[in-house]
Amino acid sequence: MSNNQKTYWKGLEQLTNDPEYVKHADKEFPEYLPVSEQDPNSNSRRDFLKLMGFGIAAASLAACEAPVRKAIPYLNKPMDVDPSIPNYYASTYVNGGDAVSVVVKTREGRPIKIEGNKFSSVTMGGTNAQVEASVLSLYDKERLEGPMKGGQPTNWDTLDAEVIEKLEEIAAAGGQIALVSNSILSPTTNKAGSEFIAKYPTTKHITYDAISAYGISESNRRSFGTAMVPSYDFSKAKTIVSIGADFLGTWISPIEFTKQYSKTRKINEHHREMSRHFQFESNLSMTGANADYRTPIKPTDEGALVVSMYNAIAAKAGQAGVSAMASDATHMQQAVNELWAHKGESLVVAGSNDPNIQILVNGINSMLGNYGTTINTDSPVHFRKGNDADMAQFAKDLNAGNYSAVFFVDCNPIYDSPEGASVAAGLAKAGLTVSTSDRMTETAAAVEYVAPNHHFLEQWNDVELKEGHYSLVQPTIRPIFDTRQTPESFLKWAGNSVEYYSYLQDNWRSNFFNRQSDTSNFQTFWDKTLYDGVFEVGGSSKNLSFDAAAASTAAGSIAINYKAESTQYQLAIYSTVGIGDGSQGNNPWLQEMSDPVTKATWDNYITMSQADANELGISMREGNTEKVNLTVGGETMSVPVLIQPGQAVGTLGLALGYGRTMAGRVGNEVGVNAYPLVTKLDGANFYSVLAGVSVERTKESYKIAQTQTHQTYMGRENVIQEATLEEYKHDTGAGRWHPHVYKGGEFVAPGEVSLWKGHEYNNHHWGLTIDMNSCTGCSACTVACQAENNIPVVGKEEVLNRREMAWIRIDRYYSSANPEGGKKELEIAADNPEVTFQPMMCQHCNNAPCETVCPVAATTHSTEGLNQMTYNRCIGTRYCANNCPYKVRRFNWFKYHDNTQFDKNLSMNNDLGKMVLNPDVTVRARGVMEKCTMCVQRIQAGKLAAKREDRRPVDGEIEMACASACPADAIIFGDMKDPESKISKALHLKEKDGEVKVGEKRAYHVLEEINVNPNVWYFTKIRNKEKTEA
Amino acid sequence: MQVTSPVRTPLITGGKTVHDVTEDVCRQVEGKPSKSWLMAFTVAGGVFIIGLLAVIATLWEGIGMWGLNKTVGWAWDITNFVWWVGIGHAGTLISAVLLLFRQKWRMAINRASEAMTIFAVICAAMFPILHMGRPWLGAYWALPLPNTFGSLWVNFNSPLLWDVFAISTYFSVSLVFWYLGLVPDFATIRDRATGIRRKIYGALSLGWDGAAKTWSRYESVSLILAGLATPLVLSVHTIVSFDFATSVIPGWHTTIFPPYFVAGAIFSGFAMVLTLMLVTRKVFKLEDYITIEHIELMNIIIIVTGSIVGIAYITEFFISWYSGVPAEQYAFFNRMQGPYWMAYWAMMTCNVISPQLFWIKKIRTSIAATFILSIVVNIGMWFERFVIIVTSLHRDYLPSSWVMFYPTIYDIGVYLFTFGLFFSAFLLFAKFFPVINMAEVKSIVKSSSEKTA
């Protein structure tokens, strides 16, 4: 501005310095005004009226001006915040005992999308549905807006003063204080906790986990002398045996395991080997659905199976066995033989929380030499540090009045522990009850003070995922509400008013900085760690040897505990991939995520085998089923039945995480709460009920909202093409189905006959490959897509009406009971079916049937191969959806935004929730069609970034939301015009006579025979089986 | 004018004179509305209002009020559309094709059936508009109008756009044809009327003077319009069938659709004409004009078209097997044995079996039997469209997307709305317009010198 030397004149008068002008120059209106008080001749009445008229007019005009609302004037533009340019921050997802290194995308200061952090050696850039959905929880209006006292809002000063006062009273009286938490992974939070304990030495820290792995740590204590949950490395395993462990879906560290597991399932013509996976389980878990050999067993059979396996391996190893139990589980002997054949390259895992089972599993792995290869005890994981025995003792002590104060640290035991009722009852006996829950949970509602924690996206913290593997939590938004970080609260109550950020940095300066040698400047170290998000130094070597005596004792306990009463049902309690332990119950994205196996949303239910359902007379069609009265011990609850192929006969499955009463408007009263049904075995929470389970038919009809109600693929080879590994070894095109059409006297490939002229792609040609061998069905992609593309939640009623809006879905097909049978018989799923997962989204057909039929040309083909949808032009005839052979188009049947009827669609129905919307993607209006765009906004952004730097986009720079979320790397997105891209290589694209041919023999188009010529390729499913079987 | 042999049985019975014709037809127009008319109109109006509520709810809340879903994007809406269009075929066929074939028996029924055509096409046209997600835009965006959106233009590849042209052409030609025929009759009414009615009918009759030259022009235009309308009878339903035939969905993708749809349309159109005429002749005492012979001739057309439809069904079924395409085979298996088997067998029974009863002379000359069967045929034809649309869509290629469609009360309500509209309009027509073409019928009344039957 200072350089601007120009002078502006008010008029010629000023330039010429007209004396008349100079006389009036200081006045606002230099020219003569007809209003003058001095002039005696003036008519003051008229002037008064003039002035008043002008005044009223001016005042009313000024009042008409629209006030500026919610404008953000930048006096000084903040660094790094450029409108429309996203920023990415490395951080860590933390929820209970789960933690995942992530990268958070923010736009204009709002976190809108979470992706995996590829620098983490633990999760390797993978995410899952719960991580992807957690960004919506940040903008949940039902989080607490500030501290609470007795259910009423209060302020931090009052809360702190009263808590400290009471703590001091209790400390003076020598009263016991309990800190109840889930596994705390943060070393600095633990340090803050120890400061609190140092200040109040009568404090006891009780750790529990909603879904406990205490059985594993306890078994390790008994068999190796160290209580811990080891790390597993499935990528090194050639034979994997899982006894009821849903390690791809819910067990310990599913993202990590999926990453590792999928590495063993990738095959190509140069690498024709893959792991073989045996699964023995009661419910059909997602992991079981991926197994090569799956044997349904009852929970009581687990004991005999583990003992028999132990003895069989011991016999091979020439070691002493334990007292024998007979197991008739199919594939058991085969599994044992193959485990032994792959000593040191195998892995046996068990999902049971019975320490005795886990001891024998440890023994088996130990005899197989898997410790040090597929099992890593040097870096035990910290995800499950809970001690069920402590928790049970706490509940007893609380009821006995032994605790004067209880602090619930970011946990909800009244809901999510089997001791819930007992804790709730005993709370009255404690003088001071505090929760740090960030929302009014069942537990927070029962305590006196709530000191709400930040959401993980609002806080500074650190996390130790595994021993020596750290990950930083970095805030990506200023705290939305008047919340305070839990460790800061505890420091405050311990009398340390330090700001947690500097406390964290100090801790890192003193305890972590010295563990590296890259830099001697702490700031450099801190900045780099913050940038990477992770700091990994590796674990410490532990010399462990298996105590065979523990195995004998364990076998003895198993012989006593696992006795089947043949007349009764057994209950296998599990957790679902979407809802998990239920802590994110108020997240509608997770509630509406279709379960990988049952394809059900918005509910939990009893999974029951067809045989048992027949016996009870229950049938299920199109989600219409019945409620039954489930009685376990003294508890009776009314639960709907879902008939589940693969369910062990005589067992029932029921998921945890549902039946919340204080989750919020979304999560309340969804399903039933199974936590009270969890039993105890050898001190650990035991998730099977072996006796005393009965089911009574009520004939009350009920609808379960499933996104897919047809179970089999009807033997359609144009949809699912699969083969066994044996066949693949001989022919990489095994399992392929080649349709032919008749043309001029011969049969030719469908592509040879076409009315279409084809499209010319001169710049890019985007494509997608989906490896059905890698896809585990985990559905992380579906939630990632929902977050990226502003896909509305429609609620249970609309899912029942078959109107869910998912742009990407995972089709789950069971094999038919009788594949040779008639068309009706093909509809019936096998009792223990083979399962295939097929992610399905818009196929971006080159000969798109949708494009021709739109009367207004609202859906068109781009010059880069995308089938694009112009929402503004769409008039909603739905002809395109009808004519889509893949049925991937989704119609806006109602207005899903700003509509009280869809208030569960949190991201579009309140101002706070709307902050999660991706500003690059339109929120669709009522009456228009929508579908997968191949994340065109990301493609455009990537192309723009490359153009600014005058280069071509680099492969991998542009990534679809589903592909980047996939923990199994099953989805490859890229430019098929770029010969160096991953997709070109995966498809072995070769140019011949100006035509690009796909050289990869596994690659096929779904519904090739109709020659819509998609840009999405599927890779055949290969099972590591001797032969195909139902 | 061609000459008719005096030995032929007269088409008009009861020894009607030319004056009787005028009296019989004008009586309804000039008299006070009868009790039965008032009752019928109240019912039709009531149905219209109830249906209108469903239409308003749909427009206000969205298409979600209907039972459609992610897989079944069309159901009752397009079923009703095709059904009404089909019904709208008889009028033009009777007036145009039969005119060209010099079938004089058409004269007593062509007026009413043309009116029926107009109203049926109006009802049909409701659905393409109402079924849109955004009808307030779609109603004109689907037309090739010059616009300020840049180069935005309609998609001439889309069969829906062809529908727009086909239906609008058919509607305008039918309307002109119908109105032109009304002009001399309006003039007759005008000449008998006084006061305000004279003015209204005077305006409607476009200054008809009854001069020989006027008559000559009238005849020429009728013939030209008949020539124009004839191909339309075939084209409209051919194009409607393209909505399905050009798609990739098994059960839709069928080359037999055009003739099959046209035959079906005439079939259902004649059935609807019969339903309406049987009531009209009774209520308006026009038994001498619409005789048993008319009924019998129309029933014969129903046998012919019904049989064509039946052969089409069987051919379709055979081809699905013969094609060796599994998806196609499953689509037809699913029609017969899938969850909507009732709709398929309802269609088969009503459309293929029931019209065969007309081979028996006693049945095809029985008014009661004809009335019942005419309704049965239209029920069958509704199910035919339902079977084609819903059973093909609900289980197409990927079994993961297989669903069921269940109608809601709004689906039913919108259908009722068109019924209300149709019958209200028809009743108004029957009351205020001459239901029989007086001018034409007078040409076949035996003159006084001839012996009357």
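What follows draws every value from the coordinates through simple rules; no lab data is involved. Predicted model only: the values in this text are computed from it and were never measured. Positions of Cβ are generated from backbone atoms using ideal geometry, with glycine treated the same way; all protein chains shown enter the neighbour counts.
Quick notes
- Lysine pair count for segment A:214-381 (Cα-Cα distance under 24 Å; residues 8 or more apart in sequence or on different chains): 14.
- Sorting A:651-657, A:465-471, A:424-430 by average packing, meaning the other beta carbons within 10 Å per residue, from highest down gives A:651-657, A:465-471, A:424-430.
- Dipole magnitude (debye, nearest 20) for the protein assembly as shown, charges at Cβ of Lys, Arg, Asp, Glu: 5180 debye
- Charge dipole of chain B about the Cα centre (unit charges at C-beta), most positive-ward option of B:18, B:39, B:158: B:18
- Here's the list of lysines a cross-link from residue B:32 could span, going by alpha-carbon distance under 29 Å and ignoring same-chain residues fewer than 8 apart: B:16, B:199, B:282, B:285, B:431, B:442.
- Dimensions of segment A:645-742 along the principal axes, based on C-alpha atoms and rounded to the nearest Å, stand at 61, 37, 30, largest first.
- Histogram of C-alpha separations across segment A:565-706, 10 Å bin width, %: 12, 44, 36, 8, 0
- Gyration tensor verdict on chain B (Cα atoms; rounded if a/c is under 1.5, prolate if a/b is larger than b/c, oblate otherwise): prolate
- Cα shape, segment A:349-388, gyration tensor, a/c 1.5 rule: oblate
- For the protein assembly as shown, DSSP calls about 65 percent of its internal beta bridges antiparallel.
- Helix axis angle, B:76-87 relative to chain B longest principal axis, alpha carbon, degrees: 30 degrees
- Highest-first arrangement of A:162-175, B:295-308, A:843-856, where packing means the average Cβ count within 10 Å: A:843-856, B:295-308, A:162-175
- 3J(HN,Hα) along segment A:261-274, derived from phi through the Karplus expression 6.51 cos²θ - 1.76 cosθ + 1.60 where θ = phi - 60°, amounts to 4, 5, 4, 7, 10, 8, 10, 8, 5, 8, 10, 9, 10, 8 Hz, with x in place of Gly and Pro.
- Within segment A:778-864, the trypsin sites (Lys or Arg not before Pro) that combine a DSSP coil assignment with at most 14 other C-beta atoms in a 10 angstrom radius are A:824.
- Segment B:299-417: proportion of alpha-carbon pairs further apart than 16 angstrom, %: 66 percent
- As a length-normalised measure over Cα pairs under 8 Å and 6 or more apart, the relative contact order of chain A settles at 13 percent.
- Value of D in µm² per second that Stokes-Einstein yields for the protein assembly as shown, Kirkwood Rh from Cα pairs, at 10 °C (1.306 mPa s): 43 µm²/s
- Segment A:214-381 - charge dipole about Cα centre, Lys and Arg +1 at Cβ, Asp and Glu -1, debye rounded to 20: 300 debye
- Farthest toward the positive end of the dipole of segment A:565-706, out of A:656, A:623, A:694, is the Cα of A:623, where the dipole comes from beta carbon charges about the Cα centre.
- DSSP-assigned coil residues among trypsin sites (Lys or Arg not before Pro) in segment B:3-93, each with at most 14 further Cβ atoms within 10 Å: B:8
- Other protein chain C-beta atoms within 10 Å of residue C-beta, averaged over B:317-327: 2.
- Note on B:135-147: average number of Cβ atoms from other chains within 10 Å of each residue's Cβ is 3.
- Of B:37, B:74, A:589, the sequence from fewest to most neighbouring Cβ atoms within 10 angstrom is B:37, B:74, A:589.
- Peptide B:56-63 is shielded by partner chain Cβ atoms: per residue, an average of 3 of them sit within 10 Å of its Cβ.
- Extreme residue, positive dipole direction of the protein assembly as shown, given options A:923, A:597, A:106 (C-beta unit charges): A:923
- Chain A: angle of helix A:187-199 to the longest principal axis, Cα-based, in degrees nearest 10: 90 degrees
- By the Cα gyration tensor, segment B:352-453 has an equivalent ellipsoid whose semi-axes, rounded to whole angstrom, run 43, 22, 12 from largest to smallest.
- Under 29 Å from the Cα of residue A:199 - lysines, other chains or at least 8 residues apart: A:149, A:166, A:191, A:385, A:396, A:429, A:466, A:492
- Sorted fewest first by neighbouring Cβ atoms within 10 angstrom, B:140, B:313 come out as B:140, B:313.
- q = 0.17, 0.21, 0.23, 0.25 Å⁻¹, segment A:513-562: log10 I(q)/I(0) [Debye, one scatterer per Cα]: -0.64, -0.82, -0.89, -0.94
- Compared with the dominant principal axis of the Cα atoms in chain B, helix B:409-432 is inclined by about 10°.
- Relative contact order for segment B:333-422, counting Cα pairs under 8 Å that sit 6 or more residues apart, in percent: 28 percent
- Ranking of A:388, A:731, A:955 by neighbouring Cβ atoms within 10 Å, starting from the fewest: A:731, A:955, A:388.
- Global geometry of segment A:214-381, whether rounded, prolate or oblate, following the gyration tensor of its Cα atoms and the 1.5 cut on a/c: rounded
- Put simply, when A:222-231, A:321-330, B:264-273, A:191-200 are sorted by average Cβ atoms within 10 angstrom per residue, most first, you get B:264-273, A:222-231, A:191-200, A:321-330.
- For segment A:120-229, the direction-averaged projected area of the alpha-carbon convex hull comes to 10.8 nm².
- Segment A:462-619 - Rg over Rh from alpha carbon coordinates, Kirkwood radius: 1.14
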